[in-house]
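Visitor: This is the structure, below, for whatever I ask next.
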Amino acid sequence: MVSGRRRWRVTLVAAVVVLAGGCGGGAPAGGSASSAAGSSEDASSVDPDSTVPAGESAADGPPLAEGAVAPPERAADAFTYNPALVPEGAYLEVYSTVEGTATTVRLEVEGLLPDRGYAAHAHASACGPSGDAAGPHFQNRQDPAAGPGKPSTDPAFANPQNEIWLDLTTDSDGNGEATATVPFTFTDRAPASVIVHEAMMTATEPGKAGSAGARLACLTAPFPTA
Ligand SMILES: [Cu+2]
């Protein structure tokens, strides 16, 4: 995102060039102004004050939620329930954007175990002292056969078009990301967290669909409703 300060600086440079050009003719002054503005843009593309980390596009916007995980006794919004598999200090970030009738959610992780798959999903409730606090997977169409203590395992409901699955594989530094685009937006209900699971992939077969093993870590992420 172009910061207001940066835009202002570009405007100043253009104004100075126009002034220096004086009455020497509109066209040359205009040409100088645009090339000066261009070089100013180039110089500030590595602006250390930029809020957009290198490698991310301006369209990303700020994360919906982010945090370094800590054990439950010291965590507020970012929890690890298994520091052997999600080390304390690992960083989780969640982004969410709506375009028309589709929602795109991205999970970025840093500091997990290297070269490992982790299943992950958006869950219905906020994180808490234990992994159970986050409740079931968020479903757009809720499985009528599911309920407390009885997770949805029907592939008609527990699938990556009706839920938000963010399974990822880390690189050799333990970093990774996943992006899911689903054909719905949040109306009266929205997810409230993202959970990272022990399984390397989310199961899809009937009776097991949506299963992904123990809950390793949780980031509270208050997705907005419409
Ligand atoms: Cu999950």
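Visitor: Using a Förster distance of 30 Å, how high is the FRET efficiency between residue 179 and residue 76, based on the Cβ-Cβ distance and rounded to 0.05?
Guide: That pair, residue 179 with residue 76, gives E of 0.70.
Visitor: With Kirkwood's inverse mean 1/r over C-alpha pairs for Rh, give me the Rg to Rh ratio of the stretch 140-226, two decimals please.
Guide: Result for the stretch 140-226 is an Rg/Rh of 0.96.
Visitor: Now a separate question. Taking 0.36 nm per residue of sequence separation and subtracting the Cα-Cα distance, how much length would be gained by fully extending the chain between residue 115 and residue 169, in nm to one decimal?
Guide: Contour length minus the Cα-Cα distance gives 18.8 nm.
Visitor: How much accessible area per residue does the stretch 69-210 have, counting only protein heavy atoms and a probe of 1.4 Å, in square angstrom?
Guide: Accessible area per residue, the stretch 69-210: 46 Å².
Visitor: If you don't mind, there's one more thing I want to ask. If each Cα of the stretch 87-155 is one equal point scatterer, what is log10 of I(q)/I(0) from the Debye formula at q = 0.24, 0.25 Å⁻¹?
Guide: Each listed q maps to, in turn, -1.24, -1.25.
Visitor: Here is a follow-up. At a 10 angstrom cut-off on C-beta neighbours, averaged per residue, how do the peptides 112-122, 177-187, 152-162 rank from highest to lowest?
Guide: 112-122, 152-162, 177-187
Visitor: Going toward the positive end of the dipole of the stretch 151-226, with +1 on Lys and Arg Cβ and -1 on Asp and Glu Cβ, which of 172, 204, 191 do you reach last?
Guide: 191
Visitor: With a 10 Å radius around each residue's Cβ, average the other Cβ atoms per peptide and rank 204-214, 74-84, highest first.
Guide: Ranked by mean Cβ neighbours within 10 Å, highest first: 74-84, 204-214.
The values are calculated or read from the model by the stated rules, or taken from the named source; none is laboratory data. All figures in this text were calculated on a predicted structure; none of them were measured in a lab. For neighbour counting, all protein chains shown are included, and Cβ atoms are generated from backbone atoms with ideal geometry for every residue, glycine included. Side chains are part of the model used for accessible areas, which takes the heavy atoms of the whole protein and leaves out ligands, DNA and RNA. Shrake-Rupley method; radii C 1.70, N 1.55, O 1.52, S 1.80 Å.
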